[in-house]
1. Near the amide H of D125, under 5 Å away, which other amide H atoms are found, from residues 5 or more places off or on another chain, if H is placed in the peptide plane?
2. According to a simple spin-label model (label point 7 Å from Cα along Cα-to-Cβ), what is the distance in nm between R42 and A210?
3. Amide H of R116 versus every other amide H placed in the peptide plane: which residues, excluding those fewer than 5 positions away on the same chain, fall under 5 Å?
4. Apply 1/(1 + (r/R0)^6) to the Cβ-Cβ distance of M185 and R134, taking R0 = 41 Å, and write down the FRET efficiency to the nearest 0.05.
5. Need the full-extension length gain, K56 to R236, defined as separation in residues times 0.36 nm minus the C-alpha distance. One decimal, nm.
Amino acid sequence: MNDPPVQQALAGNEPLRNLGNYTGGTPPGHLRLHDLGELLRREALRRGFVPLTEFKIGVLTWGQHTGKIDWVWRRGPDGPIVAAFEIEGRDASFKTAGHPSLIADHHKLMRLAGARKWLLLFQVDHDLQPKDGRPNFDSCGAAARQLDAVGPHDIRVAMDADLWDPAFRARLAESQTPPTGAPPMKLTYDADADALYIRLHDAPAQCRVAHLTDDVAVDYDAQDEVVGVEVLHARRVLGGGGTPAVELKNVMGRPAAG
C-alpha cells in the first residue's frame with residue numbers, strides 16, 4: 001500500500017477520515033476493498049463489538065462460493081451477531097440479470113437471523129483508479145433489485161462513501177431481533193439451484209452438519225439443537241417434480257443418540 005495517508009490511518013496514527021484521501025484523482029471518501037473493511041473493523045472496535053472477517057457459516061452447496069461472510073460484528077467473543085457485511089465492487093450492480101456474487105451474498109446473509117445485514121459497494125480499484133465509468137449510475141438501487149430477484153430479504157445496500165456519515169454508521173448494528181418470543185421459522189427456496197433451506201433459528205459461527213441422504217442435510221449448533229434443514233433437488237425430493245410442498249410436524253431440537 002503506497003499511499004502514506006492510508007498507511008498512517010491503518011496503523012491507527014491518523015483519523016479515519018484520511019482513509020479515502022488517495023492520490024490519483026479518485027473522489028474523496030471513495031474506498032478500496034480492504035480499506036472499507038478496515039473502516040468496518042475500526043468502527044466495530046470503537047463501539048465495543050468484536051469484528052471478525054471471513055466468518056464461516058457452514059458450507060454452501062450451490063455455486064462455487066464458500067460459506068463465509070466478509071465481516072461480522074459480535075457482541076462479545078461468544079455473543080450474538082449484531083451486524084453482517086458483504087462487500088462488492090459497485091460494478092457488480094451493472095448486470096441486468098443476477099450477478100453470481102450478489103446471489104451468493106443473498107444466500108449467505110439470509111442464514112443470519114437477528115442481525116442487521118448489509119451489502120456495501122466500494123468504488124476504487126487497487127490501482128487507485130475509479131471502479132467503473134458510470135459515475136451517475138444508481139448502484140444501490142440496481143443491486144437491491146438483483147437481491148429482490150433472488151428472494152425475500154432484509155439486506156440493506158449502501159455505498160462506501162455513506163460510512164463517513166456518523167448518523168449512518170450509528171444504524172449499522174440496529175437490532176433486527178423480534179421484540180418478543182422466538183424468531184420465526186423461515187423457508188428460502190432458490191428456484192435456479194432447486195435448493196430449499198428451512199431455518200429454525202439463528203445459525204452460530206460453527207455448526208455440525210449431518211447428511212441424512214445425498215440431498216438432505218441437517219445443521220446443528222454447539223448444543224446439538226437443530227439450526228436448519230437443507231434440501232437439494234427439492235422438486236424431486238419434496239414435490240415429485242413439481243413445486244415443493246413442505247409440512248413440518250413435531251420438529252425436535254436434539255438428534256437421536258448414536
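1. Distant-sequence amide H within range of D125: K131.
2. In this crude spin-label approximation the distance works out to 4.7 nm.
3. Under 5 Å from the amide H of R116: A83, A84, Q176.
4. 0.50
5. Gain on stretching K56 to R236: 61.9 nm.
Computed from the coordinates by the stated procedures, all read-outs in this text should not be read as laboratory data. Predicted model only: the values in this text are computed from it and were never measured. Glycine also receives a Cβ, built like all others from the backbone with ideal geometry; neighbour counts cover every protein chain displayed.
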